[in-house]
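To start, the structure itself, in structure tokens.
The values are calculated or read from the model by the stated rules, or taken from the named source; none is laboratory data. Since this is a predicted model, take the numbers as computed values, not measurements. All Cβ positions, even for glycine, are placed from backbone atoms using ideal geometry, and neighbour counts span all protein chains on display.
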Amino acid sequence: MFKRSIKKFLAMDKRMLLFIGVFTGIILSVVTVKGLAYTDSPEFCGSCHIMNNVHDSFASSTHAELACSDCHLPHDTVVNKYVNKAKAGVSHVYYNTLGESKIPHVLHAKESSYEIINDNCIDCHQSTVNNVSHDAKDSCSSCHQAVPHGDDFKTEDYFKPAKPGELLENKGGTMNNG
């Protein structure tokens, strides 16, 4: 039965087969592009109950017009973006199903995400970085930890005072010159 259906399909006019192929390709492309764009949106990211506080604080921030991926995913290559997106997605599926007991009350970026987030801050705010010394700390979030998710997302390290001489040691440091 299946072989007969395939033979019948292949016996169709080649122009009709071409039309069906092109039409199917267009539909799959649109669905893929729209699906990927939706998974970058704050609405998608906020759809998990554990993300409610994160989404709400983001929605009322000055960065609310951005997509979550603008800050949380690399932008150097499309492949790198989607590899990181897939890893994060698998991690989120795991924690929302099997590892729910391991989800902290307040979510913070993983260590592996800090460099990506910092690079994206610098990319968007390059003119500020060029005009104002911003290199007295290790990263943008060292001082701007409440951006864009509010005060509830500051870690304990944020409230620790700078070590004696730390700010002077790094003043005018390497970010602007390197």
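Data for the structure
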| item | result |
| --- | --- |
| Filter result for ALA67 (small (Gly, Ala, Ser) and either in contact (Cβ under 8 Å) with a residue 24 or more places away in the chain or surrounded by 15 or more Cβ atoms within 10 Å (Cβ to Cβ) (or both)) | yes |
| Number of positions in region 15-44 that are among the hydrophobic types (A, V, I, L, M, F, W, C) and more than 22 Å from the chain's Cα centre (by Cα) | 10 |
| Residue check, SER101 at pLDDT 70 or above, out of contact with any helix residue (DSSP H, G or I) (no Cβ under 7 Å at 6 or more places or on another chain), among the polar types (S, T, N, Q) and over 30 Å from TYR38 (Cα atoms) | no |
| SER113 being touching a residue at least 40 places away in the same chain (Cβ under 8 Å), within 20 Å of ASN53 (Cβ to Cβ) and under 11 Å from the mean Cα position of the chain (by Cα) | yes |
| ASP151 being at pLDDT below 80 and within 25 Å of ALA59 (Cβ to Cβ) | yes |
| Matching entry among ASP76, ASP70 (being of a type in the set (D, E, K, R), under 22 Å from ASN118 (Cα atoms) and part of a helix (DSSP H, G or I)) | ASP70 |
| Helices (runs of 4 or more DSSP H) contained entirely in region 1-59, each with at least 3 residues that are over 27 Å from TYR95 (Cβ atoms) and hydroxyl-bearing (Ser, Thr, Tyr) | none |
| Per-region count, region 29-57, residues over 19 Å from LYS85 (Cα atoms) and surrounded by 16 or more Cβ atoms within 10 Å (Cβ to Cβ) | 2 |
| VAL78 being loosely packed, with under 14 Cβ neighbours inside 10 Å, within 18 Å of ALA109 (Cα to Cα) and within 13 Å of the chain's Cα centre (by Cα) | no |
| Region 39-67 - residue that is of a type in the set (Val, Ile, Thr) and modelled with pLDDT of 80 or more and, of those, farthest from ALA146 (Cα to Cα) | THR39 |
